[in-house]
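J.: Sending over a structure as structure tokens; questions will come in a sec.
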Amino acid sequence: MKNNKIQLLILVTLALLGCDKTKTQQPQTHISTLPEGWYPKITTQLQQVLEKQFAFAKKHLSLHHNNPVKAIISPHAGITYSGIAAASAYKELFLSDGKKNNKFKLVIILAPSHSVSLHGIALPDFTHYKINLGTIEVDTKTVNLLKKNKLFKTHRAVFQKEHSLEMQLPFIETTLKNYSIVPLIVGHLNDNEVDQVAQTLNSIIDSNTLVICTSDFTHYGANYGYQPFTQNTSANVKALDSVLIKSLLSFDRKKFEKTLEQTQATICGKTPLRILLALLNTGKLSNTTAELTSYYTSAHIKGPETSLKAENLFKPLSDAEVEGTVGYAGIVFVENKNPSLHLSGYEQQSLLTLAKASIQNTFDNKLPLATAYPVITHRLRENRGAFVTIETTKGDLRGCIGRIETNEPLVKTIVSMSKAAAFQDSRFTPLKKTEIKNTKLSINILTKPRKIDSYKKIQLGKHGIIFEKTTQNSYYSSVFLPNVPTELGWTLQHTLEQLSKKAGLDNAAWQKNAQFSVFESQKFQETP
């Protein structure tokens, strides 16, 4: 009898142990603790703000391809300040019909710790995160897997007041559906630990995983204890952030860390960014291409409505306007296929600002032209031809000059062609200072010309046309941009006749011994 009781006790104990192994975590919801100043706490008000910011980003800051997104870098200041930059990146998650994306089942968020000093990665002890747009599920299974690495530890206190993580949630909830999150708050890590964390994360990343890394860029001013320069502040802050952003766009972790070491730049999310760079170089995110979706500083934002005007986000600023400022950038990492030659919305707006400033600076150089230069992306660095056109607000041509090909980076070509169109077009008198406010600019960015063996291959509206003809004593040439024939309603024959005439020949010169080359163009212009 005694043996039977012992056996029964053993069976009961084993059964209880078995139950413990299959026991699931009890639901526990973390409720937002951020005060009103970060984003509106009334749901309808927040939805309205997000709707306006996403609409603005779609209109002014869009990419021109649909390559799937794999990772995002987004800022985390109050939504009035950094919301446009965040929206510029998150908008790329929407489906082509504008609906929420349901591809991503797991969203890993790498956020820096601002309020608690810690070593390693803080894991949540809750199962859900509640904000006023809804309740978001935490992937507790993945959280438990991460605990196997000693650098990942549950840390309740760090989640209580951390804004960097929570500022991502309204944008995630607006763009995705049917997903769960792994919220990670990143503390101090040495280089070897960064690699260990990246390896652990790489083991849980698959094709249905989105990685979000959040960081603001340079915090400049007395309030931040960082004033490495006292003149040309706007240009210098942008130049410093440009070096850091360039290293992120090129996945150059050594350059990123060296710049931080040399400049002591106040980048709050530097460690999450280091982890992301490790993943981009060696992990499942390595087959990607980076795209800058926006860059501006808090000094550009004077209030809720100023952030919704493109000219405000790109305008050059004086030193007095940037006594204290923080840089914000949106970056997306997309699958490395079908790279686009077309400039993004950020690149377009930047070049229009630079073109206008180049002209204004001729009359009034109170602000160095460097304040108007954008963060230089790979497309802005390419040697590509460009035309700058100046029209009156009534639509009358006031100047148009360009280069089909050039050995200069695109940003420099825009500066020189803007000045040439304003002051060196022989068909018009030089532009006067009083005229600038009544003009609008348009820019055509060109692809490299290619020769064709027959004029019949010209596609009006798609192709710019280069006409060339050599006679015994002379060489003649002329060019039309792609939009010229279609805007004027010309047929192909009439276009070729006008090219001949423009070259200084008779209308029929195109019919014999003429050579043609074609190129394509991306046109964009100032909007009232």
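No value in this document is a laboratory result; all are computed from the given coordinates. Predicted model, so just to flag it, every value in this text is computed and none were measured. Neighbour counts are summed over all protein chains in view; Cβ atoms, including those assigned to glycine, are modelled from backbone coordinates with ideal geometry.
J.: Taking θ as phi - 60°, what are the ³J(HN,Hα) couplings along region 275-285 by the Karplus curve (6.51, -1.76, 1.60), each to the nearest whole Hz, with x for Gly and Pro?
T.: Per-residue couplings from phi come out as 4, 4, 4, 5, 5, 5, 8, 10, x, 6, 9 Hz.
J.: Would you mind ranking Leu210, Leu488 by Cβ crowding within 10 Å, fewest neighbours first?
T.: Starting with the residue having the fewest Cβ neighbours, the order is Leu488, Leu210.
J.: Take the residue pairs Lys456/Lys523; Lys105/Lys270; Lys456/Lys512 and return only those whose Cα atoms are more than 18 Å apart.
T.: Violating the 18 Å Cα-Cα cut-off are Lys456/Lys523; Lys105/Lys270.
J.: Report, in deg cm²/dmol and to the nearest 500, the calculated mean residue ellipticity at 222 nm for the chain, where each DSSP H run with n ≥ 4 adds -39500 (n - 2.57) and the sum is divided by the residue count.
T.: -10500 deg cm²/dmol
J.: Additional query: Taking the Cα centre of the chain as origin, sum charge times position over the Cβ atoms of Lys and Arg (+1) and Asp and Glu (-1), and report the length of that vector in debye to the nearest 20.
T.: Here the chain has a charge dipole of around 880 debye.
J.: Continuing with the same structure: Please state the relative contact order of region 65-340 as a whole percent: Cα pairs under 8 Å, 6+ residues apart?
T.: Relative contact order here is 30 percent.
J.: Moving on to the next point. Give, as a single signed number, the net charge of other residues whose beta carbon lies under 13 Å from the beta carbon of Ala329, with Lys and Arg counted +1 and Asp and Glu -1.
T.: -1
J.: What whole-number distance in Å separates the alpha-carbon centres of region 395-455 and region 262-304?
T.: 34
J.: How far, in degrees from 0 to 90, does helix 253-263 lean away from the longest principal axis of the Cα atoms of the chain, to the nearest 10?
T.: The two axes meet at around 90 degrees.
J.: Excluding Leu505 itself, calculate the net charge of residues whose Cβ lies under 14 Å from the Cβ of Leu505, where each Lys or Arg counts +1 and each Asp or Glu counts -1.
T.: Residues near Leu505 contribute +1 overall.
J.: Treating the angle as unsigned and between 0 and 90°, give the value, to the nearest 10°, between the Cα long axis of helix 492-502 and the longest Cα principal axis of the chain.
T.: In the chain, helix 492-502 runs at an angle near 60 degrees to the longest axis.
J.: Pull up all non-local amide H partners of His30: gap of 5 or more, or a different chain, and H-to-H distance under 5 Å with H placed in the peptide plane.
T.: Residues meeting the criterion, in which the H sits 1.01 Å from N, are Thr127, His128, Tyr129, Lys130.
J.: Could you please state, rounded to a whole Å, how far the C-alpha centre of region 465-492 is from the C-alpha centre of region 143-161?
T.: Taking the Cα centre of each part, region 465-492 and region 143-161 sit 66 Å apart.
J.: How about Lys433: which lysines have a C-alpha closer than 16 Å to its C-alpha, ignoring those fewer than 8 places off in the same chain?
T.: The reachable lysines, counting only those whose Cα sits under 16 Å from Lys433, are Lys356, Lys366, Lys419.
J.: What are the residues whose amide H is under 5 Å from the amide H of Ala77, where those residues sit 5 or more places off or on another chain and H is modelled from the backbone?
T.: The list, which skips near neighbours in sequence, is Ser82.
J.: Looking at the chain only, what percent of DSSP beta bridges run antiparallel? Nearest 5 please.
T.: Percent antiparallel among DSSP bridges in the chain is about 70.
J.: Sticking with this one: Hey, fewest Cβ within 10 Å first, where do Thr371, Thr135, Thr218 land in order?
T.: With the sparsest Cβ surroundings first, the list reads Thr135, Thr371, Thr218.
J.: Ok, one more. How would you rank Tyr475, Tyr179, Tyr224, Tyr346, going from fewest to most other Cβ atoms within 10 Å of each one's own Cβ?
T.: Exposure proxy ranking, most exposed first: Tyr475, Tyr224, Tyr179, Tyr346.
J.: Could you please report the charge total around Val158, scoring K, R as +1 and D, E as -1 over all other residues with beta-carbon less than 13 angstrom from its beta-carbon?
T.: Surrounding charge for Val158 is 0.
J.: So, one more: Looking at [x] 0.98; [y] 1.00; [z] 1.09, which value of Rg/Rh (Cα atoms, Kirkwood Rh) comes from a calculation on the structure shown?
T.: Computing Rg/Rh (Cα atoms, Kirkwood Rh) and matching it to [x] 0.98; [y] 1.00; [z] 1.09 gives [z].
J.: Right, next: Determine the alpha carbon to alpha carbon distance for each of Lys70/Lys258; Lys130/Lys177; Lys52/Lys177; Lys59/Lys394 and list only those over 18 Å.
T.: Lys70/Lys258; Lys52/Lys177; Lys59/Lys394
J.: Based on the mean of other beta carbon atoms within 10 Å per residue, what is the order of 86-94, 169-177, 263-271, 401-409, most packed first?
T.: Listed from highest to lowest mean packing, they are 86-94, 169-177, 263-271, 401-409.
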